[in-house]
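Before any comments, here is the structure.
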Amino acid sequence: MRSTLKAALAALATVAFTSGGTFGDGHSLTGNLKIFLDTSNPAPRATMEAMIGRFQEMHPDLEIDVTVIDREEYKTQIRNFLSANPPDVANWYAANRMRPYVEAGLFEDVSDLWQDPEIAANLASTKGALTIDGKQWGVPYTYYQWGVYYRKDIYEELGLSEAADWEQFVANCQAILDSGRKCFTIGTKFLWTAGGWFDYLNMRTNGFDFHMSLAAGDVSWEDDRVRQTFANWRQLIDMGAFIDNHQTYSWQEALPFIVNGEAVHYLMGNFAVAPLRDAGLTDDQIDFYQFPVINSAVLLAEDAPTDTFHIPANAENKEAARAFLKFVVSEDEQTEINNGSNLGQLPVNAKSSVDDDKFLREGFAMLSTNSPGGVAQFWDRDAPAEMAKVSMEGFQEFMVKPDDLDRILSRLERARQRIYN
Amino acid sequence: MFPTPIERTSRAWQLTYRMLLPAALIMWLLPLIAVAIFSIKPAADFTTGNYWGWPSAFEGFTNYGKVFFESDMPRYLLNSVFITLPTVAGAVILSSMTGFALGIYRFRANILIFFMFVAGNFVPFQILMVPVRDLTLQLGLYNTITGLVLFHVAFQTGFCTLFMRNFIRALPFELIEAARVEGVNEFRIFWFVVLPLMKPAIAALAVLIFTFIWNDYFWAVVLTQGVETQPVTAGITSFNAQYRAAYHLMSAGSIIAALPPVLMFFLMQRHFIAGLTLGAVK
């Protein structure tokens, strides 16, 4: 009897939660709801329009007006429209990317939504990324994992297993190099791929909080802890673990090395899986694991760039906007918009289910349960744009000329003192 | 002064020439050949590193089909037409009138005005980029086809005026004098005497301007954004998705975008070559 009652209550709670505004607010929404989106590519656009269609069905009296702006154009227009002609809902990115608008008072504080115990529990993994000054400024709607993608068939051929710690990682790499292959493919022409390596090496060596302090400009680049990160990186570079001439390739142009078995790993986001499958690799040949532990004293933390929805501070229909944000993060909507036929990424709601795809399943489990240190947004989203650019140029230079580390770090330190003041 | 015609050179040189010519041609066309081959390859060839080899499968129909039916390319092509044709018409009409005025009438500021038209051609685009963008923004013409057309007309009229004025100067002035003696008014002289004689110049100029404007990328990117207004040259980049660049579709799109000027060239070859030299001779 008790258990059935509990189940019934749970079911009721789910209904109330997923149906957002109607049950939660007790009355239907009216007025206009103006939504600005940057999802201009065909598939994400269709996904968003379908999702808004479902919201419209729940609130037939609401006049919803959607404007889709080209992704790149959106980046230059957002400051302008947030202050001059604000919509009620706009999408954007978490962490440092939203900081300028939060500090300019252009985003609405939505901490009240995060007070909801359901949301607090189910979106815990990204709460840090949406928090500035102890308040939350938006909700996430999708993210994707980063990690080590590797050639399983070559691992089996060489008798290797997924590395859990740095020693094994390096030993695996040595075995791969001895077999005449390279360990890691990478194309650093556009710099950000080197930023991914720095994220992981620094988070594993010094932890998430240190990494964030460095991104926020609170730590010197000439600090010994930063040097330790580069020393670990150098260990791989000196082994010859990375492919040659990586500074001339884009990330896509570095794919053939792993496809043709000339390199075995690719530290990359989950979007690398689609082209690898297109190239004819089966799921028996490619696999994924979490970047291994380097310093066991720090908690594991991951890169998972998160896309978000915000309410502009000058929005007119904040009540409907809040209902919409609640609707977006609900368990069912999260499952639906992130599935393989829509965005093909990970739902941010821990209760949502993911497609039957081994990479999505592993990534979802990793981010929801095995990233206790926090979720980083990627170096060029966590650090201010100018610092990110200068530092990623430094990372690339370091990968090519590791002997110049001192000069590179002193340059980054000078840049830090200039940029953050 | 002129090179000796090839048929009058030694046998050995003739053979060398015949062998070198195709080699030079292929070298010259290599980038275009690469784009053409890329456009029939499947996407997977770029992930397996098969850039220069034989395509692993013939995907020409799929790629071109996608470009036409699953992308915004038709819209971009249409935008290009809507930008190019009015510009050609506007620039040619304006410049035949300015050319007539500057070529026929002798007044004090004639040379000064003519130099101002010519001088405009020597201002680099890049210097104008920011002021022109701000101007179109303030006029409310930013991101409109009208704005782009107006700007192109304004900018091309300088070159066209140089071209037309020199052409009209070369016409026998007696014709105009004869008409004046007959008491024909100036508008009718322009319309019935000068304009018919300018037909070759107009044809040549139209072909030339069509190619210039169709191939314009710089102003398309500076003054327009998005699928509603951008011409095909700028639209090709829309094949770059959030994470991946679709090289095969971009190549197919480029080939299609390049076809109208190429067709134009072959259909109007005579005028095109005349156009390149016409303004220069005088």
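The values are calculated or read from the model by the stated rules, or taken from the named source; none is laboratory data. Just so it is clear, the structure is predicted and the values come from calculations on it, not from any experiment. Positions of Cβ are backbone-derived with ideal geometry, glycine not excepted, and every protein chain shown enters the neighbour counts. To get the accessible areas, we keep the full protein, side chains included, count just its heavy atoms, and leave off ligands, DNA and RNA. Shrake-Rupley method; radii C 1.70, N 1.55, O 1.52, S 1.80 Å.
For segment A:66-116, name all the residues that are among the charged types (D, E, K, R) and more than 21 Å from A:Pro42 (Cβ to Cβ). Hits for segment A:66-116 are A:Arg79, A:Asp88, A:Arg97, A:Arg99, A:Glu103, A:Glu108, A:Asp109, A:Asp112, A:Asp116. Criterion first (open to solvent by 20 Å² or more (accessible area, probe 1.4 Å), on the phi < 0 side of the Ramachandran plot and either aliphatic (A, V, I, L, M) or touching a His at 6+ places or on another chain (Cβ under 6 Å) (or both)) does A:Ala194 satisfy it? No.
Residues in segment A:215-229 include at least one that is hydrophobic (A, V, I, L, M, F, W, C), farther than 23 Å from A:Val400 by Cβ and either within 14 Å of chain B (Cβ to nearest Cβ) or outside any loop (DSSP other than H, G, I, E, B) (or both).
The single condition from (1) open to solvent by 10 Å² or more (accessible area, probe 1.4 Å); (2) in the same structural domain as A:Ala194 (by TED's automatic domain parsing); (3) under 18 Å from the mean Cα position of the chain (by Cα) that A:Tyr289 fails is (1).
In this structure, does B:Asn143 turn out to be on the phi > 0 side of the Ramachandran plot and either within 14 Å of chain A (Cβ to nearest Cβ) or assigned to a helix (DSSP H, G or I) (or both)? Answer is yes for this residue. Consider B:Tyr247 carefully, then state whether it is of a type outside the set (A, V, I, L, M) and more than 14 Å from every other protein chain (Cβ to nearest Cβ). Criteria not met by B:Tyr247.
A:Asp380 falls short on exactly one of the conditions (1) of a type in the set (D, E, K, R); (2) surrounded by 18 or more Cβ atoms within 10 Å (Cβ to Cβ); (3) assigned to a loop (DSSP other than H, G, I, E, B), and that condition is (3). Per this entry, B:Thr84 is counted among residues that are away from every other protein chain (no Cβ under 14 Å), among the polar types (S, T, N, Q) and either open to solvent by 30 Å² or more (accessible area, probe 1.4 Å) or part of a helix (DSSP H, G or I) (or both).
One line per residue, one yes/no per condition, for (1) under 25 Å from A:Ser111 (Cα atoms); (2) modelled with pLDDT of 95 or more:
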residue	(1), (2)
A:Lys318	yes, no
A:Asp356	no, no
A:Gly374	yes, no
A:Ala388	no, no
A:Asp406	no, yes
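Conditions (1) open to solvent by less than 50 Å² (accessible area, probe 1.4 Å); (2) at pLDDT 95 or above, marked per residue:
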position	(1), (2)
A:Ile176	yes, yes
A:Asn260	no, no
A:His265	yes, yes
A:Ala272	yes, no
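For first residues located in segment A:59-71 and within 14 Å of chain B (Cβ to nearest Cβ), partners that are surrounded by fewer than 18 Cβ atoms within 10 Å (Cβ to Cβ) and at pLDDT below 90 and lie 6+ apart or on another chain with Cβ distances below 8 Å form the pairs A:Val68/A:Arg45; A:Ile69/A:Gln77; A:Ile69/B:Gly226; A:Asp70/B:Gly226; A:Asp70/B:Val227; A:Arg71/A:Asn41; A:Arg71/B:Gln242. Taken as a whole, the structure places A:Tyr155 among residues that are aromatic (Phe, Trp, Tyr) and assigned to a helix (DSSP H, G or I).
Looking across A:Glu331, A:Glu386, A:Glu336, one residue alone is open to solvent by 60 Å² or more (accessible area, probe 1.4 Å) and assigned by TED's automatic domain parsing to the domain that holds A:Leu82. It is A:Glu336.
Of the residues B:Leu94, B:Leu102, B:Leu148, the single one that is within 24 Å of B:Pro196 (Cβ to Cβ) and open to solvent by less than 20 Å² (accessible area, probe 1.4 Å) is B:Leu102.
Of the numbered criteria (1) closer than 25 Å to B:Gly99 by Cα; (2) in a loop (DSSP other than H, G, I, E, B), the one B:Gln225 fails is (1).
Has segment B:102-121 got at least one residue that is of a type in the set (Phe, Trp, Tyr), touching a residue at least 12 places away in the same chain (Cβ under 8 Å) and under 22 Å from B:Val207 (Cα atoms)? Yes, segment B:102-121 contains a residue that is of a type in the set (Phe, Trp, Tyr), touching a residue at least 12 places away in the same chain (Cβ under 8 Å) and under 22 Å from B:Val207 (Cα atoms).
What about A:Leu82, is it open to solvent by less than 40 Å² (accessible area, probe 1.4 Å) and either of a type in the set (Phe, Trp, Tyr) or touching a Leu at 6+ places or on another chain (Cβ under 9 Å) (or both)? Yes. The set of residues in segment A:292-311 that are under 13 Å from A:Ser371 (Cβ atoms) and open to solvent by less than 10 Å² (accessible area, probe 1.4 Å) comprises A:Ala301, A:Glu302, A:Asp303, A:Ala304, A:Thr306. Conditions: (1) more than 30 Å from B:Met129 (Cβ to Cβ); (2) part of a helix (DSSP H, G or I). B:Gly183 meets all but one. Number of the miss? Every condition holds for B:Gly183 apart from (2).
Among the conditions (1) open to solvent by 20 Å² or more (accessible area, probe 1.4 Å); (2) of a type outside the set (Lys, Arg); (3) within 23 Å of B:Arg165 (Cβ to Cβ); (4) in contact (Cβ under 8 Å) with a residue 24 or more places away in the chain, the only one that B:Pro196 does not satisfy is (4).
Restricting attention to segment A:259-276, the residues being more than 9 Å from chain B (Cβ to nearest Cβ) and either free of Cβ contacts under 8 Å to residues at least 12 places away in the same chain or of a type in the set (Val, Ile, Thr) (or both) number 2. Only a single item in (1) at pLDDT 90 or above; (2) farther than 30 Å from B:Thr146 by Cα; (3) open to solvent by 20 Å² or more (accessible area, probe 1.4 Å) is not met by B:Arg165, and it is number (2). Looking across segment A:240-256, the residues that are more than 14 Å from chain B (Cβ to nearest Cβ) and either among the acidic types (Asp, Glu) or surrounded by 15 or more Cβ atoms within 10 Å (Cβ to Cβ) (or both) come down to A:Ala241, A:Phe242, A:Asp244, A:His246, A:Gln247.
Scanning segment B:199-228 for residues that are within 30 Å of B:Leu135 (Cα to Cα), within 18 Å of the chain's Cα centre (by Cα) and either open to solvent by 40 Å² or more (accessible area, probe 1.4 Å) or of a type outside the set (A, V, I, L, M, F, W, C) (or both) returns B:Thr211, B:Phe212, B:Asn215, B:Asp216, B:Tyr217, B:Phe218, B:Val221.
Table: residues versus (1) among the polar types (S, T, N, Q); (2) part of a helix (DSSP H, G or I); (3) open to solvent by less than 60 Å² (accessible area, probe 1.4 Å).
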residue	(1), (2), (3)
B:Thr4	yes, no, no
B:Glu7	no, yes, no
B:Gln14	yes, yes, yes
B:Met27	no, yes, no
B:Leu32	no, yes, no
B:Ala36	no, yes, yes
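If you check A:Val102, A:Val148, A:Val170 for being in contact with a Leu (Cβ under 9 Å, 6 or more places away or on another chain) and more than 24 Å from A:Phe359 (Cβ to Cβ), only one passes: A:Val170.
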